[in-house]
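Written out below as structure tokens is the structure these notes cover.
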Amino acid sequence: MKPTNKLNFEKLDGLIPAIVQDSSTMQVLMLGFMNKEAYEQTIETKKVTFWSRTKKRLWQKGETSGDYLEILDIKTDIKIDCDNDTLLILAKPQGPTCHKGSASCFGEKIPRENTFFLKELANLIKDRKEKRPENSYTTTLFEKGLNEIVNKVGEESTEVIVAALNETKQRLIEESGDLLYHLIVLLAEKDIELDKVIEELRGRS
């Protein structure tokens, strides 16, 4: 796949700016520049590669730190703007993006929609399932298995109903949070991405 014929590298003497966003949270991570070779290497490796204007060479983000910016789907996660001279790349960061250690080159405290937190939580729960760290409640649920997880979803559903009928709005908020968390754990146990549920809801709308 080499759609470089659509891109105009001439405006900036062979370079185009590439904006990178976190594919889960949509947080802007960094801005870099690509030439044709960097763009094509990005397509080939599915790891974001830039042209370093200071070092005058190709530079794959994470080549020394291991904090790569991985592209999960080339067809959907690389977008070209209307003038064909700027890229928007959705990537999965494997660690801090900024060389100063922060998640974004624009700082950590960037306002984000609360709904993005659910995707961050889903990613964290998925990571817990894979790595099973000690002293983690989520790990305990996965180790006890599907029946325990389903039982917890049932318990939390009942507590939401009780809170709605008999308790304060704050208690309903708290119990709803517990239910959402355990439901996401159940989805992870069944290897269902939260995005699939969101897509289902979007389709119904």
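Derivation of every value follows stated rules applied to the coordinates shown; laboratory data play no part. All values derive from a computational prediction rather than experimental measurement. We place every Cβ from the backbone using ideal geometry, glycine too, and count neighbours over all the protein chains shown.
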Restricting to aspartates and glutamates and to Cα separations under 14 Å from K56, and discarding same-chain partners fewer than 8 apart, the set is D13, E37
When the chain is treated as a GNM, springs tying every alpha-carbon pair under 10 Å, which of L165, L87, L29 comes out with the largest mean-square fluctuation? L165
For segment 15-31, in residue order, the Karplus 3J(HN,Hα) values (coefficients 6.51, -1.76, 1.60; θ = phi - 60°; whole Hz; Gly and Pro = x) are 10, 9, x, 10, 8, 10, 10, 5, 5, 8, 9, 6, 5, 6, 9, 6, 10
Kirkwood Rh over alpha-carbon pairs of segment 114-204, then Stokes-Einstein at 25 °C and 0.890 mPa s: what D in µm² s⁻¹, rounded to an integer? 176
According to the Kirkwood expression over distinct Cα-Cα pairs, how big is the hydrodynamic radius of segment 17-174, in Å? 18.5
Of the listed links K92/K196; K129/K190; K11/K100, those spanning more than 23 angstrom between alpha carbons are K11/K100
Please list, by residue number, every one of the GluC sites (Glu not before Pro) in segment 24-97 that is coil in DSSP and has at most 13 other beta-carbon atoms within 10 Å. E63
Rounded if a/c under 1.5, otherwise prolate or oblate - segment 3-93, Cα gyration tensor axes: oblate
Among N84, N166, N147, determine the one that fluctuates most according to a GNM of the chain built with springs between C-alpha atoms less than 10 Å apart. N166
Enumerate the amide H contacts of S104 below 5 Å, restricted to partners 5 or more residues apart or on another chain; note that Pro and chain-start residues carry no placed amide H. T97, C98
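So, with +1 on the Cβ of K and R and -1 on the Cβ of D and E, and no other charges, what is the size of the charge dipole of segment 114-204 about its Cα centre, to the nearest 20 debye? Don't skip to the answer; put the middle values down first.
Values: 14 positive and 19 negative charges, 38 e Å.
The dipole magnitude comes to about 180 debye.
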Tabulate in residue order the Karplus-calculated ³J(HN,Hα) for segment 54-66, using 6.51 cos²θ - 1.76 cosθ + 1.60 with θ = phi - 60°, rounded to whole Hz; enter x for Gly and Pro. 8, 8, 6, 7, 5, 9, 8, 4, x, 4, 9, 8, x
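With Cβ to Cβ distances under 13 Å as the rule, what net charge do the other residues near A164 carry (K, R +1; D, E -1)?
Details: positive: K169, R171; negative: E156, E159, E167, E174, E175.
Charge balance in the 13 Å sphere: -3.
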Per DSSP H run of at least 4 residues, take -39500 (n - 2.57); add these up for the chain, divide by its residues and hand me the 222 nm value, nearest 500 deg cm²/dmol. -14500 deg cm²/dmol
In terms of Cα to Cα distance under 14 Å, which aspartates and glutamates are near enough to K6, apart from those fewer than 8 places away along the same chain? E40, D81, D83, D85
Output wanted: per-residue J couplings in Hz (rounded whole) for segment 192-205, from phi through Karplus 6.51 cos²θ - 1.76 cosθ + 1.60, θ = phi - 60°, x for Gly and Pro. 10, 6, 4, 4, 5, 5, 4, 4, 4, 5, 5, x, 5, 6
A chain fully extended from D195 to I74 at 0.36 nm per residue, minus the present Cα-Cα distance, gains in nm 41.8 nm
